[in-house]
Every structure is written in structure tokens, then in C-alpha cells.
Amino acid sequence: MQDQFGRRIHYLRVSVTDRCDFRCTYCLPRSHRDFETPDAWLKPQELARVVAAFTGLGVNHVRLTGGEPLVRPELTEIVQRINELPGIEDLSLSTNASRLGTFARDLKAAGVTRLNISLDSLDAATFKQLTGGDLARVMAGIDAARDAGFAPIKINMVAMRGLNDHEANAMVDFCLSKGLTLRFIEAMPVGAGGQRAQDHYMPLAEIEQRLRDRFTLTPTAMHGSGPARYFQIDDSELRVGFITPQSQHFCDTCNRVRLSVNGDLYLCLGQENKVALGEMLRGGASDSELQAAILAGIARKPQRHDFLDAPTAILRPMSALGG
Ligand code: SAM
Ligand code: SF4
């Protein structure tokens with residue numbers, strides 16, 4: 001699939017739930033109530049049918065995300081069904097790791113190939129304040145993922161001025177000691193948490209400079225690197241990536257679209273354009289009708305997000321689409 005700007009679209013991010021056991025302030029504030037009702041969630045077999053429509057059009061990488069994907073009871077079945085589809089080369093998962101202690105092995109066995117784990121602080125009190133979660137459980141989840149044989153495991157840290165930016169160096173040391181890849185992410189002004197994200201927004205050039213004061217950073221490539229710019233740290237195994245949606249947007253190389261838990265296809269994280277594939281499916285659409293609707297959607301994929309011109313214009317929380 002190619003859009004009107006010549007971008008090849010082969011990556012689908014699938015939100016398997018809009019619920020979460022955490023309340024990261026920049027993503028899903030405690031005041032949020034507007035969740036999809038369970039009858040609207042695509043069932044595993046419905047989801048597999050929609051994903052099959054995409055793989056039939058050339059999508060080869062699927063990432064399961066949320067909300068927190070591990071709170072969806074049928075997650076293992078969803079992984080199995082998608083893993084069985086012809087054309088899938090890469091089936092990855094984004095998680096806050098709080099439940100990986102229980103599910104890491106099952107998910108590996110079901111076919112998840114790679115894991116991204118969110119970790120915004122190494123201090124239990126700060127972590128609680130930022131996410132509402134329990135750092136010890138997350139650490140146990142990270143160890144369970146390593147024990148289950150996931151590699152590489154990428155740690156995602158949203159850098160926020162005055163909240164956790166002072167931990168950047170400590171996070172490098174942690175990832176070095178555990179054999180993890182580290183990615184810093186700029187906060188994006190999306191949803192009810194968007195204003196808070198914007199209040200603490202920090203351009204990653206500042207973090208990069210802090211690391212350069214301590215290490216030699218050598219540009220390097222990584223599999224599935226997407227929008228991240230990666231560096232090798234000194235001559236170690238550690239790779240550090242920077243994802244800069246605000247200071248240096250990467251829309252020219254965008255290769256992805258996103259599916260919400262009720263089957264709405266969103267063409268850009270920072271725009272509202274969507275195609276109601278779930279509704280079509282439940283209305284009896286055939287596979288070729290679904291594919292025609294997908295292609296028509298891709299043809300009007302927006303050129304870029306508007307985070308700079310219209311910060312906080314997007315009202316859905318980040319947890320609806322999974323970043
Ligand atoms: N619950 C899973 C997790 O936390 O990894 C998956 C969903 S979460 C929405 C996916 C990613 O989006 C996380 O790395 C999270 O830090 C990031 N994210 C959420 N809100 C964000 C925001 N306003 N700006 C930048 N990144 C955000
Ligand atoms: Fe939940 Fe992930 Fe959003 Fe945090 S970033 S509230 S863990 S969905």
C-alpha cells in the first residue's frame with residue numbers, strides 16, 4: 001500500500017483495549033471516563049479478520065498496544081490468531097510490564113516476537129506519582145520478559161522536564177546493566193493528558209547533549225527502528241534511541257496506521273481522520289469491501305500531524321490508540 005505522498009504503509013498498530021491498570025498523567029488522566037463498552041470491542045476472531053484484510057494488502061508488521069494490552073482477557077488468543085496469518089513477519093507488543101510477571105512466557109509461546117516496555121522513572125515514589133503504578137511489579141515484569149527470552153527489549157521513557165529528566169543518566173546505567181535498549185520520547189499533546197504533556201515538554205536535544213557530556217554517541221541502525229534515531233553508547237552493547245515527534249517530526253517516513261479497539265482505522269496519530277472498519281465488519285462487509293475501504297483510507301492519509309500548530313487539538317486520550 002502506498003499513500004498519495006509515496007509512503008509505503010506496511011505497519012499496523014492494533015489497540016486491543018482502551019483500558020489500563022495505570023494512569024500515566026500525560027496519557028490517561030484519572031478523570032477520564034469515556035471508555036468503549038465491552039460489546040464494542042472487536043472479538044479475537046473479528047480482529048483477526050480485520051488484520052487479515054491488512055496483511056492481504058501487504059502489512060507485515062503488527063504491534064499490539066492499548067491501553068494496557070495485558071488487561072485484555074483474550075490477549076493470548078489474539079496473539080495466536082494474528083501470528084497464524086500469512087504475511088506476518090513481526091508481531092510486537094507495547095506494555096507497561098505490570099502483568100508480564102504472569103504472562104511473559106505465554107506471550108512468547110503464542111508468537112510475540114518483540115517487546116517495548118514503558119518505564120518513566122527508577123524511583124518508586126516518582127513512578128507512583130507519574131503512572132499510579134507499582135515500580136517493583138514493573139521491575140519483576142522486566143525480569144520475567146528477559147527470562148522468557150525476549151530480545152531486544154526496548155524501554156520507552158517519556159522525558160518530562162522537572163518530573164523525570166534528571167533520571168536520564170540513571171536510566172542509561174539501568175539499561176546497560178540489564179542488556180536493554182533505551183528510547184527517549186518527547187511528550188505529545190494528545191487527549192486530556194495533553195496539556196500536562198505540553199507543560200513538561202522537553203526537546204530531546206537536551207537529553208542527547210547530557211549523554212554526550214558523558215559518553216561517545218555513534219549513530220547506528222536498529223531493526224524496526226521506525227522513527228527513532230539510534231546511537232551506540234561508547235563501545236558497549238547499549239543502543240539509545242530518540243523519538244522526536246515535536247522537535248523534529250518524522251511524518252515524511254511514516255509507514256503505519258492504527259486500529260482502535262472497536263475497529264476504527266485511524267490514519268494519523270495526530271489527526272481525526274478515520275474509517276469505521278469494525279462497523280462495516282459487523283454490518284456484513286466482505287473481505288474485499290474491507291480492503292477497498294482500507295485502500296480508500298490510505299489514499300487520504302494526512303501528510304503530517306499538527307502538534308505544533310494545534311497542540312491539544314486531539315481529544316481522544318493516547319490510551320485509545322496506543323501511541
Ligand atoms: N500501556 C502500554 C505502554 O504504556 O507501553 C501501551 C500503550 S501506551 C499509550 C504506548 C506508549 O505511548 C508508551 O510508551 C507511552 O509512554 C506513550 N505515550 C502515552 N501518552 C503519551 C504522550 N502524551 N506523549 C508521548 N508518549 C506518550
Ligand atoms: Fe496506561 Fe500505557 Fe497510557 Fe500509561 S502510557 S496510562 S501504561 S496506556
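The values are calculated or read from the model by the stated rules, or taken from the named source; none is laboratory data. Treat the numbers as computed from the prediction; the structure is a model and nothing was measured. Heads up, the Cβs are rebuilt from the backbone with ideal geometry, glycines too, and the neighbour counts pull from every protein chain shown. Just so you know, the surface numbers come from the protein's heavy atoms only, side chains and all, with ligands and any DNA or RNA stripped out. Shrake-Rupley method; radii C 1.70, N 1.55, O 1.52, S 1.80 Å.
List the extent of the Cα atoms of segment 177-245 along each of their three principal axes, largest first, rounded to whole Å.
The Cα atoms of segment 177-245 stretch 41, 28, 21 Å along their principal axes.
Normalise the Cα radius of gyration of segment 133-262 by 2.2 N^0.38 Å (N = residues in it) and let me know the number.
Values: Rg = 15.4 Å, N = 130, 2.2 N^0.38 = 14.0 Å.
Normalised Cα radius of gyration, segment 133-262: 1.10.
For every helix of n ≥ 4 consecutive DSSP H residues, a contribution of -39,500 (n - 2.57) applies; sum these over the chain, divide by its total residues, and give [θ] at 222 nm rounded to the nearest 500 deg cm²/dmol.
Details: 10 runs with 98 residues, N = 323.
Result for the chain, helices only: -9000 deg cm²/dmol.
In whole percent, and with a 1.4 Å probe on the protein chains, what portion of the accessible area of segment 11-320 is carbon and sulfur?
Details: 6150 of 12500 Å².
Using a 1.4 Å probe with all protein chains present, segment 11-320 comes out at 49 percent carbon and sulfur.
Would you please report the Å³ per residue occupied by the convex hull of the alpha carbon atoms in segment 72-182? Numbers along the way, then the final one.
Values: hull volume 11.0 nm³, N = 111.
Once divided by residue count, the hull of segment 72-182 is 99 Å³.
Among Arg13, Arg30, Arg105, which one moves the most in a GNM of the chain with springs linking Cα atoms closer than 10 Å?
Maximum fluctuation in the GNM of the chain, among the listed residues, is at Arg30.
Using DSSP to define loop residues, name the trypsin sites (Lys or Arg not before Pro) in segment 173-272 whose beta-carbon has at most 15 other beta-carbon atoms within 10 Å. Let's see the in-between values first.
Details: sites: Lys178, Arg183, Arg196, Arg210, Arg212, Arg214, Arg229, Arg239, Arg256, Arg258; in loops: Arg214.
Answer by residue number: Arg214.
In what sequence, largest accessible area first, do Lys154, Lys108 appear using a 1.4 Å probe?
Details: Lys154 5, Lys108 80 Å².
The residues order as Lys108, Lys154, largest area first.
As I understand it, the dipole of the chain uses +1 on the Cβ of Lys and Arg and -1 on the Cβ of Asp and Glu, about the Cα centre. Which of Ala197, Leu70, Ser15 lies farthest toward its positive end?
Of the candidates, Ser15 comes out farthest on the positive side.
Any idea what the relative contact order of the chain is, in percent, if you count C-alpha pairs under 8 Å spaced at least 6 apart?
Numbers: 670 pairs, mean separation 75.4, N = 323.
About 23 percent, as a whole number.
Counting pairwise Cα distances across the chain, what percent come out greater than 31 angstrom?
On the way: 13875 of 52003 pairs.
So the portion of pairs separated by more than 31 Å is 27 percent.
Relative to the compact globular guide of 2.2 N^0.38 Å, what is the alpha carbon radius of gyration of segment 178-323, as a ratio?
Numbers: Rg = 18.2 Å, N = 146, 2.2 N^0.38 = 14.6 Å.
Cα Rg divided by the expected 2.2 N^0.38 Å: 1.25.
Per the chain: cysteines with no other Cys C-beta under 4.7 angstrom?
Cysteines lacking a close Cβ partner in the chain: Cys20, Cys175, Cys251, Cys254, Cys268.
Compute, for Val158, the solvent-accessible surface of its heavy atoms (probe 1.4 Å) with the complete set of protein chains present, and express it in square angstrom to the nearest 10.
20 Å²
For the chain, with a Gaussian network of springs between Cα atoms less than 10 Å apart, report the residue from Thr17, Thr55, Thr220 with the top mean-square fluctuation.
Thr220
Using alpha carbon centroids, what distance separates segment 8-34 and segment 131-154, in Å?
About 19 Å separates the Cα centre of segment 8-34 from the one of segment 131-154.
Measure off 7 Å from each Cα along the Cα-to-Cβ vector at Asp199 and Phe250, then give the distance between these two points in nanometres to one decimal.
If labels sit at Asp199 and Phe250, their model points lie 2.9 nm apart.
When Lys and Arg each count +1 and Asp and Glu each count -1, what net charge do the other residues less than 14 Å away from Ala187, Cβ to Cβ, add up to? Before the final figure, lay out the partial values.
Details: positive: Arg161, Arg183, Arg196; negative: Asp120, Asp165, Glu186, Asp199, Glu206.
Here the charged neighbours net out to -2.
Test of understanding: in a Gaussian network model of the chain with alpha carbons linked when under 10 Å, which of Thr181, Thr244, Thr253 would top the mean-square fluctuation ranking?
Among Thr181, Thr244, Thr253, the largest mean-square fluctuation in the Gaussian network model of the chain belongs to Thr253.
Accessible area per residue of the chain at 1.4 Å probe, in Å²? Could you put the intermediate results ahead of the total?
Details: 13170 Å² over 323 residues.
I get 41 Å² per residue for the chain.
Over all alpha-carbon pairs in segment 23-104, figure out the percentage whose distance exceeds 18 Å.
Working: 1639 of 3321 pairs.
Result: 49 percent of Cα pairs exceed 18 Å.
If the cut-off is a Cα-Cα distance under 21 Å, which lysines reach Lys301, setting aside same-chain residues fewer than 8 apart in sequence?
Straight-line reach from Lys301, under 21 Å: Lys274.
What list of ³J(HN,Hα) couplings, whole Hz, do you get for segment 8-18 from phi and the Karplus terms 6.51, -1.76, 1.60, once you set θ to phi - 60° and write x for glycine and proline?
In residue order, the calculated couplings are 7, 9, 9, 10, 10, 9, 10, 7, 8, 6, 9 Hz.
How many nm separate the modelled label positions at Thr220 and Asn60, each set 7 Å beyond the Cα in the direction of the Cβ?
So the label points at Thr220 and Asn60 sit 2.4 nm apart.
If each of Ala124 and Ala299 carries a label point 7 Å out from its Cα toward its Cβ, how far apart are those two points in nm?
5.8 nm
State to the nearest 20 debye the size of the charge dipole of the chain about its Cα centre, where the only charges are +1 on K and R beta carbons and -1 on D and E beta carbons.
Values: 37 positive and 38 negative charges, 29 e Å.
Result for the chain is approximately 140 debye, rounded to the nearest 20.
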